[in-house]
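Input: a single structure, listed below in structure tokens.
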Amino acid sequence: MANRYTALCFLGLVLSLFSCKRSNLEMTALEDAPQLEDSTYGYDPQQMIEMDFDQIKERGYFTAIVDNSSTGMFLYRGEPMGYEYELLSLFAESIGIEIKFDITPSLEDGFRKLNGGQGDILAYNLSVTKERQKFMDFTTPHNFVRQVLVQRKPDNWRDMKLHEIEKTFLRNPIELIGKEVYVRKGSAYTTRLKHLAEEVGGDILIVEEFDELETEALIEMVSQGKIDYTVADEDVALVNARYFSNLDVKTAISFPQQIAWGVRKNAPQLLDTLNAWIGGMKRTNNYYALYDKYFKSTRNSKRMKQSDFFSNNAEKISPYDSLIKLGAEKLNWDWLLLAAQISKESRFDPHAESWVGARGLMQVMPKTGKSYGVKNLFSPSQNIKAGVKHIMWLQDVWKGIADEEQRLQFVLASYNVGQGHVQDAVRLAEKNGKNPQNWEYVANYLRLKSKKKYYTDPVVKFGYCRGDEPVDYVEDILYRYSRYLQLIQSGGAIAEPSE
């Protein structure tokens, strides 16, 4: 890929990415707040897509709408993680169909996508409200949490006594009168603050973010001193307070609320299936272990959030990013694409060794490494050097493929299974009247090379091949690449590849 723009254009063949545009903050007092209620978010019963569980099964996949957060979905050392991510993946496994994830920071966009059919489950750590129940059905709740005020300790709090620090906090909701509280647009926090203002008899200045910031981003802004207050669900607030030690999250502003997933109101089969599964999961230890992993494990949450390889911190994927970037520059690729390939090959383990003897980050065979002058394939720099040189050689093999987007897929498949088997598939496609430069046709014949009729064809020179593996390999790398682009840059829907 010549550059990131070309890379994004290529991903259009795989998925639709959307751009996030930023705009200014809008601050209003309660009485001047724009009357944009949850029920307006894309809900039109006449236009709601007809797609229930039977149709989803027939289609072969379902799409979950999540956000990029430590509880939704994030990258850690190149691998996807997150409470919602793992729970949804277990559900997909239980029903035996593919899952796709649509990372959508904006709640408003998430609501629209759900009812428009771009997603089937809205998994935002959503609180159940009467307003939302007008246009969306909710599953059995996962848990019950309060909304809490997130505020900052004094700058010199480490030098103060506990009672002195305590005096600086807002503990009585009445003290919020006249205060600016920043909340995620479209969230239940806005509704709760409005009700709270009525209860205390004064105006609370509600500031809604119009540029798709997640709640965790607002929490970090409080820690950094950019804003003074935000509101979050208590479990999410506690996770972040473990990392940002200068935060206080002890002031509750609501009673416990139900947290659940949302589905379209015309999908009762899907709702029943989810409820049955959630009910069964709640009777297992795995369910509670998963919740503890993300919401109660102080050590794990701090380690991940403090890591350079946590997707919300920086544009880092692995400890070897600098080497990957150098290699990608030689290939004229986006470095995230090469990172996706290495993730698929070794999960960034420089000591990985396959049963056939492939070694290191890019799983290079000793014979191949030797041909490029590399002896120590367990050295990250040497391994990437050998892998990149081999890709460059394959690029030359397939230089006759005019379209670089198509050529990439031929190169990746050849890296996995060898160029000979791919060339066999090209000949089979040509023999059967298909475009030999179109990967879709060639991939089909590569899969067919596991059948005797095809691997014994006179045009085939390299015999039998388990062709599903290289085809799936290509698809998996492109999905991983799209996942990296999304989680680091934000974007649209991605599928979770299987190993």
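The values are calculated or read from the model by the stated rules, or taken from the named source; none is laboratory data. Here the structure is a predicted model, which means the values were calculated and not measured. Here the Cβ is made from the backbone with ideal geometry for all residues, glycine too, and neighbour counts use every protein chain on show.
Within the stretch 144-174, the residues that satisfy the criterion of being surrounded by 14 or more Cβ atoms within 10 Å (Cβ to Cβ) and farther than 20 Å from P256 by Cβ are Q151, R152, K153, P154, W157, M160, I165, F169, L170.
Looking only at the stretch 234-250, filter to residues that are in contact with a helix residue (DSSP H, G or I) (Cβ under 8 Å, 6 or more places away or on another chain) and modelled with pLDDT of 90 or more; which one of those is surrounded by the fewest Cβ atoms within 10 Å (Cβ to Cβ)?
If we filter the stretch 234-250 for residues that are in contact with a helix residue (DSSP H, G or I) (Cβ under 8 Å, 6 or more places away or on another chain), which is where we start, we get 235-240, 242-244, 246-249.
Those still in the list that are modelled with pLDDT of 90 or more too: 237, 246-249.
Numbers: A237: 24, N246: 16, L247: 20, D248: 21, V249: 20.
Among residues in the stretch 234-250 that are in contact with a helix residue (DSSP H, G or I) (Cβ under 8 Å, 6 or more places away or on another chain) and modelled with pLDDT of 90 or more, the one surrounded by the fewest Cβ atoms within 10 Å (Cβ to Cβ) is N246.
Exactly one residue out of Y124, Y189, Y182 is at negative phi and at pLDDT below 90, and it is Y124. Across the stretch 143-176, the number of residues qualifying as aliphatic (A, V, I, L, M) and touching a helix residue (DSSP H, G or I) at 6+ places or on another chain (Cβ under 6 Å) comes to 5.
Quick check, is K282 among the basic types (K, R), at pLDDT below 80 and in the same structural domain as E86 (by TED's automatic domain parsing)?
On the way: among the basic types (K, R): yes; at pLDDT below 80: no; in the same structural domain as E86 (by TED's automatic domain parsing): yes.
No; evaluated as a whole, the condition is false for this residue.
So is G418 within 16 Å of D468 (Cα to Cα) and either free of Cβ contacts under 8 Å to residues at least 12 places away in the same chain or in contact with a Cys (Cβ under 9 Å, 6 or more places away or on another chain) (or both) or not? Criteria met by G418.
Output the helices (runs of 4 or more DSSP H) that fall wholly within the stretch 192-286 and possess 3 or more residues being over 30 Å from K57 (Cα atoms), or say none.
215-224, 234-243
Does the stretch 193-204 contain at least one residue that is among the acidic types (D, E) and under 25 Å from K296 (Cβ atoms)? Taking every residue of the stretch 193-204 in turn, none turns out to be among the acidic types (D, E) and under 25 Å from K296 (Cβ atoms).
Of all residues in the stretch 87-114, those that are without any contact (Cβ under 8 Å) to a residue 12 or more places away in the chain have Cβ atoms under 9 Å from Cβ atoms of residues that are buried (at least 18 other Cβ atoms within 10 Å of the Cβ), 6 or more apart or on another chain, in E93/I99.
Does K302 qualify as being modelled with pLDDT under 90, of a type in the set (K, R) and more than 25 Å from the chain's Cα centre (by Cα)? Criteria not met by K302. Which one of the conditions (1) in contact with a helix residue (DSSP H, G or I) (Cβ under 7 Å, 6 or more places away or on another chain); (2) among the aliphatic types (A, V, I, L, M); (3) under 28 Å from S106 (Cβ atoms) does A217 fail to meet, given that it meets all the rest? Among (1) in contact with a helix residue (DSSP H, G or I) (Cβ under 7 Å, 6 or more places away or on another chain); (2) among the aliphatic types (A, V, I, L, M); (3) under 28 Å from S106 (Cβ atoms), the lone unmet condition for A217 is (1). Checked against (1) touching a residue at least 60 places away in the same chain (Cβ under 8 Å); (2) within 28 Å of the chain's Cα centre (by Cα); (3) under 30 Å from I49 (Cβ atoms), S223 passes all but a single condition, namely (3).
On the given criteria, is N432 of a type in the set (S, T, N, Q), surrounded by fewer than 16 Cβ atoms within 10 Å (Cβ to Cβ), assigned by TED's automatic domain parsing to the domain that holds W333 and touching a residue at least 12 places away in the same chain (Cβ under 8 Å)? Yes: the conditions hold for N432.
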